[in-house]
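The values are calculated or read from the model by the stated rules, or taken from the named source; none is laboratory data. Being a predicted model, the structure only gives us computed values, none of them experimental. In this analysis, Cβ positions are derived from the backbone assuming ideal geometry, glycine residues included, and neighbour counts consider all displayed protein chains. The accessibility values were calculated without ligands, DNA or RNA, using every heavy atom of the protein model including side chains. Shrake-Rupley method; radii C 1.70, N 1.55, O 1.52, S 1.80 Å.
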Amino acid sequence: MANADTPRGFWPIRHLTGGQLRMQEFPIASGYTTDIFRGDAVKLVTGGGIEAAAAGNRIVGIFQGVQYVAADGTQVYSKYWPNTTTATEIKATVWSDPNIVFGIQSAGSTVAADVGELANHVAGTGSTTTGISAHEINGTTSTAYAGLRVLGKINAPGNAWGTNVLLEVQIYEHEYSPTNEATTPGV
């Protein structure tokens, strides 16, 4: 039976060292013009805020939600950041620990031999109804620098190696980890 094609971004599974999963708050610039959905990879920007991360960007973490004071003065709690929102007191919550293992769906065919390899994420269009991301991991892995390391297949009924497999990954090019792009991955 084929794996279901239901991308939903990144979700935290566990901590590599058995530690507690923790989030951190970051600002988003008022009027930022890109939607950010729960489960999207985000990057740091000048001034310490966050924006949506594209493939090839260093990642600071995975967006969980946001709260802000809207232009009309109401307090808003949301699973996603609606683009061009004008607001104050913007606080996005982000899974930012580099030792968190995340689940994510593969956009292509990933096999057991890909464990330990690197790949980038692929941005999809999240849902403004549910606030959930559509990010996936690129199904093509290699030893070349990329944002994520494949740790294995999620042990779940019906989850088989191949297209749309659910994977465990760790952010490889993380802002808080000492990854040095001048060295070989894994060295």
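Where a ≥ b ≥ c are the square roots of the eigenvalues of the C-alpha gyration tensor, would you call the range 80-187 rounded, which needs a/c under 1.5, or, failing that, prolate if a/b is larger than b/c, or oblate?
Working: a/c = 2.21, a/b = 1.31, b/c = 1.69.
Because a/c hits 1.5 or more and a/b fails to exceed b/c, the range 80-187 counts as oblate.
Tell me the carbon and sulfur percent of the accessible area for the range 1-158, rounded to whole percent, probe radius 1.4 Å. Taking all protein chains in place, the range 1-158 shows 51 percent carbon and sulfur surface.
Working from label points 7 Å from Cα in the Cα-to-Cβ sense, the Thr6 to Gln170 distance is 2.9 nm.
Here r is the Cβ-Cβ distance between Leu151 and Thr130 and R0 is 30 Å; the resulting FRET efficiency, rounded to 0.05, is 0.65.
Per-residue packing, averaged as other Cβ atoms within 10 Å, sorts the ranges 5-17, 70-82 into the order 5-17, 70-82, beginning with the highest. Thinking of the chain as a set of Cα atoms, what percent of all their pairs are more than 23 Å apart? It works out to 40 percent of all Cα pairs.
Under a straight-distance cross-link criterion of Cα-Cα below 28 Å, which lysines are reachable from Lys91, leaving out those fewer than 8 residues away in the same chain? Partners found: Lys43, Lys79.
Over the range 1-90, what number does the Rg to Rh ratio reach, with both radii from the alpha-carbon atoms and Rh per Kirkwood? Rg/Rh: 1.02. Gain on full extension, evaluated as 0.36 nm per residue between Ser142 and Ala113 minus their Cα-Cα distance, stands at 9.4 nm. With just the Cα atoms defining each centre, how far is the range 32-53 from the range 70-138? Give it in Å. Here the answer is 9 Å between Cα centres.
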